[in-house]
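Remarks on the structure that follows.
The values are calculated or read from the model by the stated rules, or taken from the named source; none is laboratory data. Worth saying up front: this structure is predicted, and the values here are computed from it rather than measured. Neighbour counts run over all protein chains shown; Cβ positions are idealised from the backbone, glycine included. Note: accessible area is taken over every heavy atom of the protein model, side chains too, but ligands, DNA and RNA are not part of it. Shrake-Rupley method; radii C 1.70, N 1.55, O 1.52, S 1.80 Å.
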Amino acid sequence: MSSETTAMPAADEAIEAAALWCIELSEGALSESQWAEFEAWLAVPGHADLFQEAGALWQDSGAVADWPQVIALRTKALTQFRKANQRRWLAASPRRLAWISGLAAALLLAVTLALFWHLDRPREYETGIGERQVAVLDDGSRVSLDAVTVMNVRMKDEARQVELVGGRAKFDVAKDPLRPFTVAAGDKLVVAVGTSFSVELIDGEVRVILYEGQVEVRDRSDTAHSAAAAPQRLMMRPGSELVDSVGSATPAQIVRPDLTQSLSWEQGLINFDGEPLASAVERMNRYSTKQVRLSDATLGDIPVDGMFKAGDVDAFVEGIAALHPLRPKHVGGEIILERR
């Protein structure tokens, strides 16, 4: 890479050179003369740091460079860059043209990556089997995650967006009337401003319990702002629980749960009050590597009552077998419940 006399400031020249060295090193091995030139450039104070930063951006670009969105944005930005700098490019030598073209592509890709990874990419929270976690979001909202829960969070200037991918979480939302707090779960969207509620995905259902404040539950596909859409939305009151089957056209049920018992999972206890066996098993399986399974799907409707320590599947199975015509069968690391 030979030096050229230009009117460009030395700092800008060094930044361009760092990007170009990344390009040339990625394209193949350098000749001895090129290596000597690179080492001489690298020896200049400040150049090593510039090259390290450019190299980090260059390596990061490999992870998402082939995303369709990245390619489209990069192409659009590069086209605009060329139009804006057409006169400068026409006056440049072929060597300089290649330099600027390669630099533009590299820097535009880096900017695009920064936009995708830092502005659009959600932050993920995840807990494993038997693990609970309390997270404080950037706005000050507090979230308590149950075991085997996955949650994605996007904090934007105009909205606070959460997606519950699986499991259960309780939200104590910081008040901010200008930025609605929404939780998407299954095919439902829970909209709040400052309130306390929990959302759970279990056994094909979305369950929302409201402890304080007020939330609106609507279909996730409902983006209309007209009055005609209002009847499809449901305003919950404190002390109520919404139970809705994912993908079902049947209206959601509103019940009155025992709020104290509904939060027992935060203390490591699982409380069941007429809970269908299928969802009770799913809850217990969140806390133990020893999984419980039903031999017959029809067993899932058997009602379960009682309180059990999270993770103590043996006591759970023993209690179920004592009250219902079921027997446990140990197979490998599983406990299979079957009819007696």
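Summary of values
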read-out	value
All positions within region 248-260 that are open to solvent by 70 Å² or more (accessible area, probe 1.4 Å) and not in a strand (DSSP E or B)	Ala249, Thr250, Pro251, Arg256, Asp258, Thr260
Extreme residue, nearest to Thr298 (Cα to Cα), among residues of region 261-270 that are in contact with a strand residue (DSSP E or B) (Cβ under 6 Å, 6 or more places away or on another chain) and open to solvent by less than 40 Å² (accessible area, probe 1.4 Å)	Ile270
Residue, surrounded by the fewest Cβ atoms within 10 Å (Cβ to Cβ), within region 26-42, restricted to residues that are outside any loop (DSSP other than H, G, I, E, B) and at pLDDT below 70	Glu27
Hits in region 166-186 - residues which are in contact (Cβ under 8 Å) with a residue 24 or more places away in the chain, out of contact with any Ser or Thr (no Cβ under 7 Å at 6 or more places or on another chain), more than 12 Å from Leu242 (Cβ to Cβ) and open to solvent by 20 Å² or more (accessible area, probe 1.4 Å)	Asp176, Arg179
Gly239, sole failed condition from (1) out of contact with any helix residue (DSSP H, G or I) (no Cβ under 8 Å at 6 or more places or on another chain); (2) touching a residue at least 12 places away in the same chain (Cβ under 8 Å); (3) assigned to a loop (DSSP other than H, G, I, E, B)	(1)
When residues of region 181-198 are limited to those that are not β-branched (Val, Ile, Thr) and not in a strand (DSSP E or B), the one farthest from the chain's Cα centre (by Cα)	Gly194
Matching entry among Val281, Val292 (being modelled with pLDDT of 95 or more, part of a strand (DSSP E or B), under 30 Å from the mean Cα position of the chain (by Cα) and surrounded by 13 or more Cβ atoms within 10 Å (Cβ to Cβ))	Val292
